[in-house]
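Below: the structure, in structure tokens.
The values are calculated or read from the model by the stated rules, or taken from the named source; none is laboratory data. These figures come from a predicted structure and were not determined experimentally. Ideal geometry is used to build each Cβ from the backbone, glycine not excepted, and the neighbour counts take in all protein chains shown. These accessible areas exclude ligands, DNA and RNA; they are computed on the full protein's heavy atoms, side chains included. Shrake-Rupley method; radii C 1.70, N 1.55, O 1.52, S 1.80 Å.
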Amino acid sequence: MAKQKENAVVASQEQLADGIYSMWIQTQAADTAKPGQFISMYTTDGNKLLPRPISICEIDRTRGMLRVVYRVTGENTGTEQFSKLKSGDTIPVIGPLGNGFPYEKAEGKKVFLMGGGIGVPPILELAKQMKCEKKQILAGYRDAQTFLKEEFEANGELYISTEDGSVGTKGNVMDAIRENGLKADMIYACGPTPMLRAIKQYAEEQGIECYISLEERMACGIGACLACVCRSKEKDAHSNVNNKRICKDGPVFLATEVEI
């Protein structure tokens, strides 16, 4: 059944780091949302017809709220308009969209939860809901502005990497694995394509089951336009080619199913 657009109500908003904002919204999407899913958020600017897909960072079913953490991508963009919203404002949204992480498969296992850049926020709700033997969170940042650090520390063993070496391991999340001698039975990851490509290769070399959430520019967000596709091993039933729609079939995929 198609998702309906609704006017979500902004409960609160704060700036976490340079260009990074956190917003809690009251929305019906909180009733069924899962870790790894996203919502499409619309601006009120008539020149910007397409919504912005924003990953879900936290879910509060009791209060009927979702938390989104997003990066402002520039002046006069939809994300800049979002950053100016105040408590009580409304924003049109559709969601939850896409599939989520199959976190139930991690029960009794040692797990890596890996996020990089703006792929860090969706890992938080995953960490909160996952029940596993050992929860190792690897978060990659550009610099010392390690947003969500305290929340991650409360939900697992946190290992940080920074590009400039100001906090934790200098480098990326793969460098943090090597430096700390970490091991895992399963991997869940979200971040930029180069990071996911390295994780996918590592998982295949080590024989580790791995699920990745792909980042891609999306148009419709519901799988109709075929603007956000990735190469897949199997033919897509919708288009009859070796493609998967990231917004509809993903954004979470078993790493061996897709080519990145």
### Query
If we keep just the residues of the range 176-200 that are within 21 Å of the chain's Cα centre (by Cα) and without any contact (Cβ under 8 Å) to a residue 40 or more places away in the chain, which is surrounded by the fewest Cβ atoms within 10 Å (Cβ to Cβ)?
194
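Please go through the range 51-78 and pick out each residue that is exposed (fewer than 14 other Cβ atoms within 10 Å of the Cβ) and of a type in the set (Ser, Thr, Tyr).
Across the range 51-78, the qualifying residues are 62, 73.
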### Message
Here is a check on your reading of the model: is residue 199 in a helix (DSSP H, G or I), touching a helix residue (DSSP H, G or I) at 6+ places or on another chain (Cβ under 8 Å) and closer than 15 Å to residue 111 by Cα?
### Response
yes
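So if I check each of 170, 149, 128, which one is open to solvent by 20 Å² or more (accessible area, probe 1.4 Å), touching a strand residue (DSSP E or B) at 6+ places or on another chain (Cβ under 8 Å) and either among the polar types (S, T, N, Q) or within 19 Å of residue 199 (Cα to Cα) (or both)? Lay out the reasoning, then the answer.
Details: 149 fails: either among the polar types (S, T, N, Q) or within 19 Å of residue 199 (Cα to Cα) (or both); 128 fails: either among the polar types (S, T, N, Q) or within 19 Å of residue 199 (Cα to Cα) (or both).
Within the list 170, 149, 128, the selection yields 170.
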### Query
Quick one: residue 135 ticks every box in (1) basic (Lys, Arg); (2) outside any loop (DSSP other than H, G, I, E, B); (3) under 28 Å from residue 42 (Cα atoms) bar one, so which box is it?
(3)
### Task
Would you mind finding the one in 30, 8 that is over 24 Å from residue 214 (Cα atoms) and either aliphatic (A, V, I, L, M) or open to solvent by less than 60 Å² (accessible area, probe 1.4 Å) (or both)?
8
### Message
Taking the conditions exactly as written (closer than 23 Å to residue 212 by Cβ, aliphatic (A, V, I, L, M) and not in a loop (DSSP other than H, G, I, E, B)), does residue 23 satisfy them or not?
### Response
no
### Message
I'd like to know if the range 141-164 contains one or more residues that are charged (D, E, K, R) and either touching a helix residue (DSSP H, G or I) at 6+ places or on another chain (Cβ under 6 Å) or assigned to a strand (DSSP E or B) (or both).
### Response
yes
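Of all residues in the range 33-50 being out of contact with any helix residue (DSSP H, G or I) (no Cβ under 9 Å at 6 or more places or on another chain) and part of a loop (DSSP other than H, G, I, E, B), which is least open to solvent (accessible area, probe 1.4 Å)? Quick ask: steps written out before the conclusion?
Within the range 33-50, the subset out of contact with any helix residue (DSSP H, G or I) (no Cβ under 9 Å at 6 or more places or on another chain) is 40, 46-47, 49.
Now restrict to residues that are part of a loop (DSSP other than H, G, I, E, B): 46-47, 49.
Working: 46: 60, 47: 141, 49: 138 Å².
Out of the qualifying residues, it is 46.
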### Neighbours by Cβ (under 6 Å, 6+ apart or cross-chain): first from the range 143-155, closer than 17 Å to residue 21 by Cβ; second open to solvent by 40 Å² or more (accessible area, probe 1.4 Å) and not in a loop (DSSP other than H, G, I, E, B)
147/16
#### Entry: Selection status of residue 184, touching a Ser or Thr at 6+ places or on another chain (Cβ under 9 Å) and outside any strand (DSSP E or B)
no
### Query
Got a number for residues in the range 79-116 being closer than 23 Å to residue 13 by Cβ, open to solvent by 30 Å² or more (accessible area, probe 1.4 Å) and either of a type in the set (Phe, Trp, Tyr) or outside any loop (DSSP other than H, G, I, E, B) (or both)?
3
### Summary
Here the residues within the range 79-92 that are within 20 Å of residue 118 (Cα to Cα) and in contact with a Phe, Trp or Tyr (Cβ under 8 Å, 6 or more places away or on another chain) are 79, 82, 83
### Query
Can we say residue 135 is free of Cβ contacts under 8 Å to residues at least 40 places away in the same chain, in contact with a Gly (Cβ under 6 Å, 6 or more places away or on another chain) and either of a type in the set (Ser, Thr, Tyr) or surrounded by fewer than 23 Cβ atoms within 10 Å (Cβ to Cβ) (or both)?
yes
